[in-house]
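Enquirer: Sharing a structure, written as structure tokens. Questions coming.
Taken together, the values in this text are just the output of simple stated rules run on the coordinates, not laboratory data. Keep in mind it's a predicted model, so treat the numbers as computed, not measured. No Cβ is skipped: glycine too gets one built from the backbone with ideal geometry, and neighbour counts run over all protein chains shown.
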Amino acid sequence: MSKGNKGKIKMKCQRGGHGFFANPDETWKFLCPDCYKKYYVPLSKTHSYEEIKNNLDALYEEYRKKQLALSDKQAEEYENDGYYFDWVEVKC
Ligand SMILES: [Zn+2]
């Protein structure tokens, strides 16, 4: 155990099983810092801690689909505005 983790508890990430260290008062953490940023932070805007903890996979899948739908919509809007360019074949 490295010096910086003294007094910390070894935890296992619920998503991907990554090992990480948490302070003894942070045992509510069920995700490693990377997964926390990637999954928990965006979901926490619309869901409670309990919901995320019990339903992480399903909620994230839903969130990801929404994000994809959003970027499709934006691409469509760009197309309508003339800001969207298709690949142009270059002829020499
Ligand atoms: Zn993780």
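Enquirer: Which net charge results for the neighbourhood of Arg64, defined as the other residues with beta-carbon distances under 12 angstrom from its beta-carbon, given Lys and Arg at +1 and Asp and Glu at -1?
Expert: Working: positive: Lys38, Lys65, Lys66; negative: Asp57, Glu61, Glu62.
So the environment of Arg64 carries a net charge of 0.
Enquirer: For the stretch 3-80, what relative contact order do you get, as a whole percent, if you take Cα pairs closer than 8 Å and at least 6 residues apart? All intermediate terms of the calculation are to be shown ahead of the outcome.
Expert: Numbers: 53 pairs, mean separation 13.9, N = 78.
Normalised by residue count, the contact order of the stretch 3-80 is 18 percent.
Enquirer: From the backbone phi of the stretch 39-55, what are the Karplus-calculated ³J(HN,Hα) couplings (6.51 cos²θ - 1.76 cosθ + 1.60, θ = phi - 60°) in whole Hz, Gly and Pro given as x?
Expert: With the stated coefficients, the stretch 39-55 comes to 9, 6, 4, x, 6, 5, 5, 10, 10, 7, 4, 4, 4, 5, 4, 7, 9 Hz.
Enquirer: What does the extension gain come out to for Trp28 and Ala75, with contour length at 0.36 nm per residue minus their alpha carbon separation?
Expert: Details: separation 47, 0.36 × 47 = 16.92 nm, distance 3.94 nm.
Full-extension gain reported as 13.0 nm.
Enquirer: 7 Å from Cα along Cα→Cβ at both Asp57 and Ile9: what's the point-to-point distance in nm?
Expert: Result for the modelled spin labels: 2.5 nm.
Enquirer: Separate question: Of all trypsin sites (Lys or Arg not before Pro) in the stretch 16-64, which ones are in loop regions per DSSP and have a Cβ with at most 10 other Cβ atoms within 10 Å?
Expert: Within the stretch 16-64, the qualifying trypsin sites (Lys or Arg not before Pro) (loop, at most 10 other Cβ atoms within 10 Å) are Lys45.
Enquirer: For the pair Lys65 and Thr46, how long in nm is the line joining their label points, each one 7 Å along Cα→Cβ?
Expert: Each label point lies 7 Å from its Cα, and together they span 1.1 nm.
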